[in-house]
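Report on the following structure.
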Amino acid sequence: MKNIDKLIRKAEELQANGLVTRQIADELNVSRETATWLLTRSKKEEASPAPKDISVNWSSIGKSSFRLRHISIALCDMVVETLEKTDQDVEMVVGIGLSGVPLASLMADEMGSELSVYHAYNEHEDDENTRGAFSRNFGSIKGKSCVIVDDVITTGRTVSDVVTDLRLAGAKPVAIAVLVDKSGSEEIAEVPVQSLVSIVRVD
C-alpha cells in the first residue's frame with residue numbers, strides 16, 4: 001500500500017504542475033485508466049477497485065548515462081538479431097518523446113543511423129484521433145527504414161500511432177525496441193517488438 005500512496009502523491013503532484021492524464025500516465029509508466037484511478041482514489045470515500053496494471057520505475061537506469069548506454073547496446077543487439085531474419089537494414093532510429101529519446105539517441109549512435117524524434121500530442125487526451133508529429137529538428141524519415149524506440153509499452157496505442165504516421169510519411173517501420181513491454185505483444189501493427197522485459201499477467 002505504501003507504493004500506491006507514493007504513486008497517488010506523484011500523480012497529484014504532476015497534475016498540480018499542469019500535466020493532463022495521458023502525460024501523467026506516460027510519466028508514471030501506467031495506463032491512462034490507472035492514472036485516472038490514482039487521481040480520483042484519494043478524493044473518494046470508498047475506493048474503487050484498482051485497475052489491473054503494473055507501474056514501472058526505471059529511474060535507476062535513467063539517471064546513469066553509463067547504464068543507459070549499455071541498455072541501448074543490448075536493445076541494438078536484439079534489433080539486429082530480428083532484422084537479420086528478414087535481411088533488413090536500419091537507416092533511422094525514432095525515439096518517442098520524452099523517455100524514448102535518450103535510448104534512441106544512444107542506439108542511433110551505436111547503429112550508425114540517423115535520429116528522429118516523435119512527439120505524442122497530449123492536448124486533447126480524450127480525442128482518439130489525435131496522434132503526434134515528428135520533430136523537424138531531427139532527421140527526415142521519408143523513405144527510411146526505421147526502428148521505433150520507447151521506454152515502456154502499456155497499451156501499444158502510442159507505438160501504433162508512430163507506425164501509422166511513419167507509413168503515411170513514406171517510411172518503413174521495421175522494428176520496435178522497448179525496455180519493458182506490458183502489453184505482451186510480439187508485434188504491433190505488423191512490426192516486430194523487442195523488449196528487454198516482457199510482463200505478462202496470469203489471472
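Nothing in this text is a laboratory measurement; each read-out follows from the coordinates by a stated rule. These numbers were taken from a predicted model, which means no experiment stands behind them. No Cβ is skipped: glycine too gets one built from the backbone with ideal geometry, and neighbour counts run over all protein chains shown.
Applying a DSSP loop filter and a limit of 14 other Cβ atoms within 10 Å to the GluC sites (Glu not before Pro) in segment 126-201 leaves Glu128, Glu186, Glu190.
In terms of the Cα gyration tensor, with a ≥ b ≥ c the square roots of its eigenvalues, is segment 59-198 rounded because a/c is under 1.5, prolate because a/b exceeds b/c, or oblate? Rounded, since a/c falls under 1.5.
Taking 8 Å as the Cα distance limit and 6 or more residues as the minimum spacing, I'd like the relative contact order of segment 2-41 as a percentage. All intermediate terms of the calculation are to be shown ahead of the outcome.
On the way: 25 pairs, mean separation 16.8, N = 40.
Across segment 2-41, relative contact order equals 42 percent.
In a reduced charge model with +1 at each Lys and Arg Cβ and -1 at each Asp and Glu Cβ, segment 59-198 shows a dipole moment near 360 debye about its Cα centre.
Pairs of Cα atoms nearer than 8 Å and 6+ residues apart set the relative contact order; for the chain it is 16 percent. Within segment 59-198, DSSP assigns beta bridges of which about 20% are antiparallel (rounded to the nearest 5).
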